[in-house]
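**Student:** Before anything else, here's the structure in question.
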Amino acid sequence: DPPVSLSGFEFVNATTVVDRWRTPHALAMADGTICVAACKDIRQTVVLSRNPTTGIWTESEVFDPGAAFTIAESNPCLVELPNGRLLCIFWRQSSAGFNLRTYYSDDSGTTWTPGQKGALSAPILTAAHTPGRLRAAYLNGQICLVGHMLDIVGTHFDEIWQWASNDLGATFNIIGGSSINIQFILHGTLNIDGTSSLRFRGGGNPINGIA
């Protein structure tokens, strides 16, 4: 498509505090609500939601671990289910390593309820990998979750890991991983014509993968 002119940008929060908003993920819901999940102050997982009627933005806390992350961050992502429920999936750091947490919202991101504190059967050991951004997509009763992982022991490659959930985010089972020279996940997973598409950037060039 040719370039188009964009207008109407607005500040959600115009603060210039260093590390205030990190690793954001935006999602437009079916009801018109725009939600943005982010790691705030390298600590809290929050969601800012824009009411489609009033245009007002509201910040809601999803989870506060009580202390700043020391190894990685929560890297939250959002996925909407067909019934309108919104899931926020993010990393939770503990002494054992990193595990996935799932919180859910039935009011378009205004309030959040704990869903699952440990969605992986075993935590990601911090001595072996550092977890990064997450992206998820719902398709045919299953959630596909893709994560950027950094191997800090062997090849020191960036890796793409994939998990699948058959219970709407309560548990995720590992599908596989690939060691490739990537920098970060750019767009995440999208539902396109019955498939799931992942777009990421490697070596400065965008790469598209269909699964």
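The values are calculated or read from the model by the stated rules, or taken from the named source; none is laboratory data. Predicted, not measured: the structure shown is a model, and the values here were computed from it. Positions of Cβ are generated from backbone atoms using ideal geometry, with glycine treated the same way; all protein chains shown enter the neighbour counts. With ligands, DNA and RNA removed, areas are computed over all heavy atoms of the protein, side chains included. Shrake-Rupley method; radii C 1.70, N 1.55, O 1.52, S 1.80 Å.
**Student:** I'm trying to understand the selection: among the residues of the stretch 116-131, which are under 16 Å from the mean Cα position of the chain (by Cα), in contact (Cβ under 8 Å) with a residue 40 or more places away in the chain and open to solvent by 60 Å² or more (accessible area, probe 1.4 Å)?
**Tutor:** none
**Student:** Hey, another quick one. Among the numbered criteria (1) over 22 Å from residue 161 (Cβ atoms); (2) crowded, with 20+ Cβ neighbours inside 10 Å, which single criterion is violated by residue 82?
**Tutor:** (2)
**Student:** Moving to a separate point now. Which condition from (1) under 20 Å from residue 23 (Cα atoms); (2) modelled with pLDDT of 90 or more; (3) polar (S, T, N, Q) is the one that residue 94 breaks?
**Tutor:** Every condition holds for residue 94 apart from (2).
**Student:** May I ask you to list the residues in the stretch 33-82 that are in contact (Cβ under 8 Å) with a residue 60 or more places away in the chain and small (Gly, Ala, Ser)?
**Tutor:** Correct list: 49, 72.
Listed here are the residues, each with its yes/no results for (1) β-branched (Val, Ile, Thr); (2) open to solvent by 40 Å² or more (accessible area, probe 1.4 Å); (3) at pLDDT below 90; (4) over 18 Å from residue 100 (Cβ atoms).
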residue	(1), (2), (3), (4)
7	no, yes, yes, yes
13	no, yes, yes, yes
34	yes, yes, no, yes
40	no, no, no, yes
47	yes, no, no, no
69	no, no, yes, no
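**Student:** Of the residues in the stretch 85-115, how many are more than 16 Å from residue 134 (Cβ to Cβ), free of Cβ contacts under 8 Å to residues at least 60 places away in the same chain and buried (at least 20 other Cβ atoms within 10 Å of the Cβ)?
**Tutor:** Qualifying residue count, the stretch 85-115: 1.
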